[in-house]
Amino acid sequence: MALPFEFTGHPAQLLRVGPGFSLAAQPCHAAPGFAGKKAAGAAALAARAPLLAQLQEQLFAESRFGGKRSLLLILQAMDTAGKGGIVSHVVGLVDPQGVQLTSFKAPSEEEKAHDFLWRVRPAAPRPGMLGVFDRSHYEDVLIHRVHGWADGPELDRRYEAINAFEAELAEAGTTIVKIMLNISPEEQLERLTSRLHDPTKYWKYSPTDLDERAFWPAYMESYQRVFDKTSTGHAPWYVVPADKKWYARLAVQEILIHALESLKLQWPSGDFDLARERLRLSKA
């Protein structure tokens, strides 16, 4: 695997959840595999953005000629970890016509009347699309385990259902990248405090963020269970240190680039006679 400049190890390798993975052992303030500081990280993000945009455009173009492949980025994290920043500063650098963003909020009464995947299936990315789930079906095992809204057997059923659902997506041509932005409780406290001291950030603050913070150890245990049960070869998890926003964005960008490069995308040749069309154009 080729290393981008400034990297000493590739995030797609360093941050991937594997056998024996322990969330508790993962640093939140580190920048694994990156030799530079914040300024170098920002420069690297900007320098690599055109490649991500090109790969996404190739994926989109492929679908216009019958291609069935797509990519799904799943973002999960504790509040303030930077999911919105990933959407803005990483996904936001590609052509928006090829992006399919879904933010899963608390389910409606209609959604509650169905199985938890009922509202998720229609949001799966269409061919050629870079799909993004800002929170996802994993809320139905994470928060439900923390608050006891589902018992052990039901949670086990959901883990199995998630694996089956993601296997179906992969079989249909969707490359799945699952990211957990790993923020420390200390950094989260700073970010929540900042929101209450900046009028331009009041809208980002919710009292429920502080309520859920009280369950931090339970959430970490719940995330560990998710990784143990649902990190698979066709739908791997990556745990990205998120205390440094610049590193989290850079790491996610590199993981996406790696996933798209693995598809070996090519520009479509078109469905017309190139020589004939050039001749016609010369006479226009």
Open item on the list: Anything in the range 237-284 that is open to solvent by less than 70 Å² (accessible area, probe 1.4 Å), at pLDDT 95 or above, out of contact with any strand residue (DSSP E or B) (no Cβ under 8 Å at 6 or more places or on another chain) and part of a loop (DSSP other than H, G, I, E, B)? List them, or say none.
Closed with: Asp243, Lys244, Leu265
Open item on the list: Please go through (1) within 26 Å of Gln26 (Cβ to Cβ); (2) surrounded by fewer than 16 Cβ atoms within 10 Å (Cβ to Cβ) for Asp198 and return the number of the only condition it doesn't satisfy.
Closed with: (1)
- [ ] Read through the list (1) modelled with pLDDT under 95; (2) touching a helix residue (DSSP H, G or I) at 6+ places or on another chain (Cβ under 8 Å), then give the number of the only condition that Leu51 fails.
- [x] (1)
Open item on the list: Cβ-Cβ under 9 Å, sequence separation 6+ or interchain: first residue in the range 192-205 and among the aliphatic types (A, V, I, L, M), partner open to solvent by less than 70 Å² (accessible area, probe 1.4 Å). Which pairs?
Closed with: Leu192/Asp79; Leu192/Thr80; Leu192/Tyr205; Leu192/Asp209; Leu192/Arg213; Leu196/Tyr205
- [ ] From the list Met180, Met220, pick out the single residue that is buried (at least 20 other Cβ atoms within 10 Å of the Cβ) and touching a residue at least 40 places away in the same chain (Cβ under 8 Å).
- [x] Met180
Open item on the list: Just to be sure I understand, how many residues within the range 1-37 are open to solvent by 50 Å² or more (accessible area, probe 1.4 Å), at pLDDT 95 or above and touching a Phe, Trp or Tyr at 6+ places or on another chain (Cβ under 8 Å)?
Closed with: 1
- [ ] Considering only the range 62-103, state which residues are part of a loop (DSSP other than H, G, I, E, B) and more than 25 Å from Thr208 (Cβ to Cβ).
- [x] Arg64, Phe65, Gly66, Gly67, Lys68, Arg69, Val90, Val94, Asp95
Open item on the list: Against the condition surrounded by fewer than 17 Cβ atoms within 10 Å (Cβ to Cβ), in contact (Cβ under 8 Å) with a residue 12 or more places away in the chain, closer than 15 Å to Leu260 by Cα and over 14 Å from the mean Cα position of the chain (by Cα), how does Leu55 come out, does it pass?
Closed with: no
- [ ] Could you please tell me which pairs satisfy a Cβ distance under 7 Å, a separation of 6+ or placement on different chains, a first residue in the range 10-38 that is within 17 Å of Ile183 (Cα to Cα), and a second residue that is surrounded by fewer than 17 Cβ atoms within 10 Å (Cβ to Cβ) and modelled with pLDDT under 95?
- [x] Pro32/Gly9
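The values are calculated or read from the model by the stated rules, or taken from the named source; none is laboratory data. For clarity, every value in this text was computed on a predicted model and none was experimentally measured. Here Cβ is always computed from backbone atoms with ideal geometry, including for glycine, and neighbour counts include all displayed protein chains. For accessibility, only protein heavy atoms count, side chains too; no ligands or nucleic acids. Shrake-Rupley method; radii C 1.70, N 1.55, O 1.52, S 1.80 Å.
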